[in-house]
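Here's the structure we're looking at; comments come further down.
The values are calculated or read from the model by the stated rules, or taken from the named source; none is laboratory data. All values reported here derive from a predicted model rather than from experimental measurement. Positions of Cβ are backbone-derived with ideal geometry, glycine not excepted, and every protein chain shown enters the neighbour counts. Accessible surface areas use protein heavy atoms only, side chains included; no ligands, DNA or RNA. Shrake-Rupley method; radii C 1.70, N 1.55, O 1.52, S 1.80 Å.
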Amino acid sequence: DTEVTQTPKHLVMGMTNKKSLKCEQHMGHRAMYWYKQKAKKPPELMFVYSYEKLSINESVPSRFSPECPNSSLLNLHLHALQPEDSALYLCASSQEPRGRGYPYEQYFGPGTRLTVT
Amino acid sequence: ILNVEQSPQSLHVQEGDSTNFTCSFPSSNFYALHWYRWETAKSPEALFVMTLNGDEKKKGRISATLNTKEGYSYLYIKGSQPEDSATYLCAFIGEVETSGSRLTFGEGTQLTVNP
């Protein structure tokens, strides 16, 4: 199974709402990623988890809160978002390269299309 | 800020044409380059992981080359088919974190193959 699943596919939320995005993989990957993609722009890295620990936070505002409850699941908790946060949120996973290890390809989910009103 | 550039931005070819596009990246501090294909309404899919200067990789009708000294990679598609229509993204890894891989994507080349 080489699939990364993401739910929901679409989400519309108000600026005062709290919601969560979910991502799941069963490939035994120990690195998981959140990306944000705005229209006609490339994906931008937000967070990296390695062995369920946050290893990279690309200076993302605290209204985005990631969580990795186990090796298969990755959540992104959303609170008090702004309209400019509307985007496609992509989750990915890979084998963990650890140090100067092989830079494994990432497997992406289909994304959650988020609209903040 | 890393500068990863792809050209052209978009390309329209006829079925059967061969085509190629370019990814340029900083030649210093190179660690790896990935190529991904992203079809509309689907997930980005990895094509190649390239790590060594002079690397040439092939997958069916698609191949890629890498020149780390001058900072570019070419992606070639031989005999394009309509199902090759997608956005092709390169992603640069310039340093190795202690965990995970930080990809910096180019803006992509959008390929349309007309039947």
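Give the carbon-plus-sulfur fraction of the accessible surface of chain A in %, rounded to a whole number; probe 1.4 Å, heavy atoms of protein chains only. Whole-percent figure for carbon plus sulfur exposure: 49.
Once the gyration tensor of the Cα atoms in chain A is diagonalised, the equivalent ellipsoid follows with semi-axes of 24, 14, 13 Å, ordered largest first.
Between A:Ser20, A:Ser59, A:Ser72, the GNM of chain A built on Cα springs shorter than 10 angstrom shows A:Ser59 fluctuating the most. Comparing mean-square fluctuations of B:Thr40, B:Thr65, B:Thr51 from a GNM of chain B with C-alpha springs under 10 Å, the top value falls on B:Thr40.
Taking the accessible area of chain B, probe 1.4 Å, and keeping the other protein chains in place, the carbon and sulfur fraction comes to 45%.
In this structure chain A gives 49 Å² per residue of accessible area when probed at 1.4 Å with all protein chains present.
Nearest-5 percent of antiparallel DSSP beta bridges in the protein assembly as shown? Don't skip to the answer; put the middle values down first.
Details: 74 of 83 bridges.
Around 90 percent antiparallel, to the nearest 5.
Between exposed GluC sites (Glu not before Pro) in chain A, where DSSP calls loop and at most 16 other Cβ atoms lie within 10 Å, what's the longest gap? Here the longest segment lacking exposed loop sites spans A:59-117. Comparing each chain alone with all protein chains together (probe 1.4 Å, DNA, RNA and ligands left out), the residues of segment A:76-101 losing at least 40 Å² of accessible area are A:Gly99, A:Arg100.
Averaged over peptide A:44-57, the number of partner chain Cβ atoms lying within 10 Å of each residue's Cβ comes to 3. Accessible surface for chain B, divided over its residues, is 48 Å² per residue with a 1.4 Å probe.
Rounded to the nearest 0.05, what FRET efficiency do A:Glu52 and B:Tyr31 have when you use their Cβ-Cβ distance and R0 = 25 Å? Provide the component values of the computation, followed by the final result.
Values: r = 24 Å, r/R0 = 0.97.
With R0 = 25 Å, the Cβ-Cβ based efficiency is 0.55.
Which FRET efficiency, nearest 0.05, do B:Glu39 and A:Ala39 yield, Cβ-Cβ r, R0 22 Å? The calculated FRET efficiency here is 0.85. By the beta carbon rule, with partners counted only under 4.7 Å, chain A holds these lone Cys residues: A:Cys68. Buried between B and A is an accessible area of approximately 2100 Å², summed over both sides with a 1.4 Å probe.
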